[in-house]
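Working notes, structure below.
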């Protein structure tokens with residue numbers, strides 16, 4: 001199990017993860033920029049994207065820490081789950097009540113979900129690469 005957790009992610013997976021995250025964020029932000037809504041609405045959706053990203057990365061980190069046997073309090077894990085659920089729920093309520101076309105609502109929902117999934121994969125890759133590159137046998141090979 002430990003050997004599997006220390007495996008270096010492939011260049012293709014790292015690139016696909018970063019690409020999906022950047023494409024999702026760019027699409028979401030371009031959609032907001034071009035949207036015919038008031039600035040406070042745009043701020044709401046931007047804040048939800050940022051909050052959702054932070055919550056997803058925090059949750060990924062806590063789950064990974066627990067899997068590796070690092071201490072994580074139950075309160076923090078619960079807070080991470082609650083934050084991610086709140087971001088998704090607030091986006092859902094916002095889109096449900098928005099005066100947007102159904103296709104626009106779907107666009108925001110799908111790009112939001114894409115970003116959340118991709119940012120978890122990016123965080124996993126960043127951590128896997130840092131762990132892999134700091135392993136003692138890898139440091140000896142590099143020297």
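Only the coordinates and a few stated rules stand behind these numbers; no lab work does. Given the structure is predicted, the values throughout are model-derived calculations rather than measurements. Please note: Cβ atoms are built from the backbone with ideal geometry, for glycine as well, and neighbour counts cover all protein chains shown.
The residues of region 101-120 that are touching a residue at least 40 places away in the same chain (Cβ under 8 Å), within 19 Å of residue 40 (Cβ to Cβ) and surrounded by fewer than 21 Cβ atoms within 10 Å (Cβ to Cβ) amount to a single one, 104. Residues of region 87-99 that are in a loop (DSSP other than H, G, I, E, B) and either surrounded by fewer than 16 Cβ atoms within 10 Å (Cβ to Cβ) or free of Cβ contacts under 8 Å to residues at least 40 places away in the same chain (or both): 99 alone.
Against the definition (surrounded by 17 or more Cβ atoms within 10 Å (Cβ to Cβ), under 21 Å from residue 125 (Cβ atoms) and within 20 Å of the chain's Cα centre (by Cα)), how does residue 54 come out, yes or no? Taking the combined requirement at face value, the residue does not satisfy it.
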